[in-house]
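Take a look at the structure below.
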Amino acid sequence: PRAAHPFAPPCYAERAVPDLTWRMETWTRRTEGRLVISGHSQGSVLAAAAVWQLDRRTRKRVALLTYGCPLERLYGRWFPAYFGPAQLASLHADIHCWRNLWRLTDPIGGPIRLPENAGPEVDRGPLKDPLAYGRTMEHPLPVPILGHSDYQADPGFAEERAALLARLGPPRIPAQPGPAQGSSGRSSE
């Protein structure tokens with residue numbers, strides 16, 4: 001894009017993906033913790049690209065939660081060599097667990113639609129939109145259609161995040177460093 005237009009900003013993925021990958025690897029190595037990397041819309045593409053770069057050890061401690069995700073709907077159609085069915089199935093096979101939330105009313109995000117026999121299902125959905133129909137005394141205005149926004153407000157988001165953490169297993173307790181060898185803990189007189 002910069003070659004075509006001198007005022008175009010640099011591609012942020014060149015920095016965002018390696019930075020996110022480094023942070024995930026560093027954090028899981030230091031804490032022996034588990035992570036659910038959650039990405040919305042373009043952020044889901046960056047999150048998937050970063051998870052793709054993780055080493056196998058780290059990938060076992062990381063789950064991917066995407067929502068409003070254009071990976072298959074847009075990127076898969078325009079860049080099939082990178083995000084086609086075989087590549088998305090490969091990512092699914094490489095990562096420990098991945099769930100994708102989508103709505104029929106979302107014009108950008110959609111299901112991942114992995115080929116059959118690709119393993120555990122990625123897509124949950126479609127999520128209900130709007131969340132309620134009709135009016136009540138407490139809510140006299142109709143509930144808005146959310147489309148591409150406010151996925152975190154949907155009860156399914158918290159359910160899937162909790163399920164992903166459970167699939168990753170219990171957090172590991174890092175070994176506590178003991179007192180230095182040869183030290184009695186007393187001050188010298």
Provide a single number: the residues in segment 81-106 that are surrounded by fewer than 24 Cβ atoms within 10 Å (Cβ to Cβ) and in a loop (DSSP other than H, G, I, E, B).
-> 5
Which one is most open to solvent (accessible area, probe 1.4 Å), of the residues in segment 122-174 that are over 25 Å from the mean Cα position of the chain (by Cα) and under 29 Å from P70 (Cα atoms)?
-> Y133
Residue by residue through segment 40-76, note down the ones that are closer than 22 Å to D154 by Cβ and of a type in the set (S, T, Y).
-> S41, S44, T66, Y67
Residues of segment 34-60 being surrounded by fewer than 22 Cβ atoms within 10 Å (Cβ to Cβ), among the aliphatic types (A, V, I, L, M) and part of a strand (DSSP E or B), which ones?
-> L35, V36
The residue that is least open to solvent (accessible area, probe 1.4 Å), considering only those in segment 61-80 that are in contact (Cβ under 8 Å) with a residue 24 or more places away in the chain and part of a helix (DSSP H, G or I), is L71
How many of the residues in segment 107-116 are modelled with pLDDT under 90 and either crowded, with 17+ Cβ neighbours inside 10 Å or touching a Pro at 6+ places or on another chain (Cβ under 6 Å) (or both)?
-> 2
Condition broken by A13, with the remaining ones in (1) of a type in the set (G, A, S); (2) modelled with pLDDT of 90 or more; (3) open to solvent by 30 Å² or more (accessible area, probe 1.4 Å) satisfied = (2)
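Quick one: which of G147, G119, G156 is in contact with a helix residue (DSSP H, G or I) (Cβ under 8 Å, 6 or more places away or on another chain) and either assigned to a loop (DSSP other than H, G, I, E, B) or modelled with pLDDT of 80 or more (or both)?
G119
The values are calculated or read from the model by the stated rules, or taken from the named source; none is laboratory data. All of these numbers come straight from a predicted model, not from anything done at the bench. Positions of Cβ are generated from backbone atoms using ideal geometry, with glycine treated the same way; all protein chains shown enter the neighbour counts. Heavy atoms of the whole protein, side chains included, go into the accessibility calculation; ligands, DNA and RNA do not. Shrake-Rupley method; radii C 1.70, N 1.55, O 1.52, S 1.80 Å.
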